[in-house]
1. Please go through region 56-70 and pick out each residue that is assigned to a loop (DSSP other than H, G, I, E, B) and at negative phi.
2. Among all residue pairs at least 6 apart or on different chains, which show Cβ distances below 6 Å where the first residue, located in region 89-116, is farther than 30 Å from Lys197 by Cβ and the second is charged (D, E, K, R)?
3. Given Gly124, Gly148, Gly141, which one is at pLDDT 90 or above and crowded, with 17+ Cβ neighbours inside 10 Å?
4. Mind telling me which of the residues Glu135, Glu78 ends up being among the acidic types (Asp, Glu) and in the same structural domain as Gly210 (by TED's automatic domain parsing)?
5. Could you count how many residues in region 164-183 are touching an Asp or Glu at 6+ places or on another chain (Cβ under 8 Å) and surrounded by fewer than 21 Cβ atoms within 10 Å (Cβ to Cβ)?
6. Which of (1) surrounded by 18 or more Cβ atoms within 10 Å (Cβ to Cβ); (2) among the charged types (D, E, K, R); (3) in contact with a Lys or Arg (Cβ under 8 Å, 6 or more places away or on another chain); (4) modelled with pLDDT of 85 or more does Lys248 not meet, given it meets every other one?
Amino acid sequence: MNWFIEIKLVVSVAKDGDNFRWRCYNTVRISKKAPKKCNYSRSLTSGTFFSSHLSIVDICKFLVLWVQNASLLVIKNETEITAQKTLVDWSSMSREVLFDAFILNAKPLGGIGRTIEIDESKFGRRKYNRGKRVEGQWIFGLLERETGDIILVPVEKRDRDTLIPIIQKYVLPGSTIISDFWKSYDTLNDLGYQHLKVNHSITFKDPETGANTNRIESTWRAAKASYSSSGRRKSFYASYLAKYIFMKKCRSLELDPFLEFLRLAGKLYDATNYFDTPLEPAVDESDDDDDDETEELQIY
């Protein structure tokens with residue numbers, strides 16, 4: 001519990017004997033009545049990532065398996081969580097933590113002396129399982145060679161008006177950017193970047209500059225292999241890709257995925273923000289002398 005407090009998943013407050021509730025023992029005076037204890041309480045997990053009908057232990061069991069890419073069926077069999085909707089909801093909420101960390105608030109890549117490979121790829125499946133047409137979601141990828149950091153952004157179009165703002169948001173000026181000959185990238189040299197191209201219709205590596213996009217191409221294969229797109233909504237692609245980025249980072253940096261996930265959840269669901277503005281305790285302002293106890297308000 002102390003570690004949860006340190007990473008702001010819960011807060012350090014005066015608690016009841018069960019260690020999971022905050023209770024106010026101050027006395028309050030209502031009208032002319034004799035002073036009595038406030039007795040207001042609320043759950044230690046209120047407003048936090050752990051705010052749920054599930055116990056913290058059950059949630060942690062879920063996460064230990066989830067960050068190992070266990071299926072929901074396996075998680076159901078290995079935990080006390082039996083409701084399918086609960087499993088789906090927690091899986092979705094957990095992906096949102098990673099979506100916030102690795103897509104919405106991804107740190108910019110590159111800078112002077114750094115090289116960024118960029119490319120687009122369509123995630124999905126072939127219509128009727130045949131032909132060349134793929135139905136699915138276009139993903140724009142950016143990979144920094146020096147660190148291996150990647151950013152994957154779902155896009156509806158691959159035109160200049162869509163891709164250039166993404167590059168300017170996620171790639172620092174002075175970076176060297178390597179791409180194919182897609183026309184949307186033609187203005188990069190005018191925007192503070194050094195732009196190198198490789199013509200994939202001829203070769204995978206430019207014989208003069210050595211430019212290639214082999215690493216981002218490899219990333220596409222790994223990302224697509226990490227999960228099946230069958231039955232997945234387009235709106236979910238971003239969060240699934242965020243989980244792929246998270247798992248890749250944990251492997252490359254040798255991080256414990258469970259502990260790293262909890263740190264990210266603590267940033268998004270900062271418990272101190274919730275307890276910085278406490279709610280007013282519920283008190284009975286009537287003159288009914290028979291009511292000698294303040295109603296307890298519980299927040300779930």
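1. Val67, Gln68, Ala70 - these are the residues of region 56-70 that are assigned to a loop (DSSP other than H, G, I, E, B) and at negative phi.
2. Arg95/Lys243; Leu98/Lys243
3. Gly141
4. Checking each option against the conditions leaves just Glu135.
5. Counting residues in region 164-183 that are touching an Asp or Glu at 6+ places or on another chain (Cβ under 8 Å) and surrounded by fewer than 21 Cβ atoms within 10 Å (Cβ to Cβ) gives 2.
6. Lys248 satisfies every listed condition except (3).
The values are calculated or read from the model by the stated rules, or taken from the named source; none is laboratory data. These numbers come from a predicted model, not from an experiment. Cβ atoms come from the backbone with ideal geometry, glycine included; neighbour counts cover every protein chain shown.
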